[in-house]
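Below is one structure, written out as structure tokens; comments come after it.
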Amino acid sequence: MEVCTDHLFKVLVIGDKFVGKTSIVLRYVKKSFSPNYKTTLGVDFMLKTIQLDPRTVVRLQFWDIAGQERTRNLSRVFFKEAKGALVVFDASDCNTLESAAQWKRDLDSKVTRDNGQPIPALLLANKCDLLKQRDRDSMAPTLDDFCRDNHFTGWFETSAKEDINIQEVGSFLVDRMITNSSTNSRRKKDVIKAERGSDHCKRNNHIMDWDGARVIGSENNKYKRWIKEAIEIRKRGTNSINRDDGAFLLSHTWDTLLQRPPGDRRRGQSDRRADHASRK
């Protein structure tokens, strides 16, 4: 049975007014451009659904936040639960680049990933079509330094009017958000149901996690010692076995341990496999 993955990501679009935030979102979502957009008041919303492959769907919820100063007072509410951000400035106006640094600091102070790191944020040098090529070339080293100093994930030249790099920006950000989502999922949900090799295990629906040595549904403490031993065996091989091998090793060790009589400390085949892997 195929498992389908459905991602929902909230993406912030922030920056000063008149830098082209709404134009970028509309070009990406609806593939359209109009020079007569009205100034955003508060926040606008737009949704784009992407079928990455037959089993993976990504839904992007864009929060196009007004660039007026008064909007920043509500930024904590707007930024909550965001998974990615586009920080936009006008490539023909250096003052908006300075403001982009302020927007990024505000972003980092109010929303982070589960591990405390900044969410993926791309700097967009919009309206690049207004610059001559030599000016665009000379801008690149400056933006490299700017992104490093302000902890941006990267930067792109963009033009909503000429459709320059708009789709590339979306693809890059989606890739980073999916990578982060997978990492968080492994940390939170890296849980194995031990349902093989033991009637006791099946009856009590034990669940083991990789790092916590936690048993849910167990009424007998003697099994907890065996579970901790199984997890320690898995940890000794962490650096030399991949994730799937680690899951197989731990489930195998679980079965071996649950079949031992209390107090039996003999080393089984799974123990030796872990030690062999750790010595490679």
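Quick note: the coordinates plus some simple rules give every number you see, no bench work behind them. Only a predicted model underlies this, so the values are computations on that prediction, with no experimental measurement involved. With ideal geometry, Cβ positions are generated from the backbone for all residues, glycine too; neighbour counts draw on all protein chains shown.
Inside segment 129-139, can you point out the residues that are among the hydrophobic types (A, V, I, L, M, F, W, C) and either more than 18 Å from Glu98 (Cβ to Cβ) or touching a Leu at 6+ places or on another chain (Cβ under 7 Å) (or both)?
Leu130
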Where the second residue is of a type in the set (Val, Ile, Thr) and the first is without any contact (Cβ under 8 Å) to a residue 60 or more places away in the chain and lies in segment 10-36, which pairs have Cβ atoms under 7 Å and are six or more apart or on separate chains? Lys17/Thr39; Thr22/Thr40; Val25/Val13
From (1) of a type in the set (D, E, K, R); (2) surrounded by fewer than 19 Cβ atoms within 10 Å (Cβ to Cβ); (3) in contact (Cβ under 8 Å) with a residue 24 or more places away in the chain, pick out the condition that doesn't hold for Asp135. (3)
Does Glu162 fit the bill of being of a type in the set (Asp, Glu), within 21 Å of Ser32 (Cα to Cα) and touching a strand residue (DSSP E or B) at 6+ places or on another chain (Cβ under 6 Å)? no
Out of the residues in segment 104-127 that are more than 15 Å from the chain's Cα centre (by Cα) and closer than 20 Å to Val25 by Cβ, state the one that is surrounded by the fewest Cβ atoms within 10 Å (Cβ to Cβ). Asp106
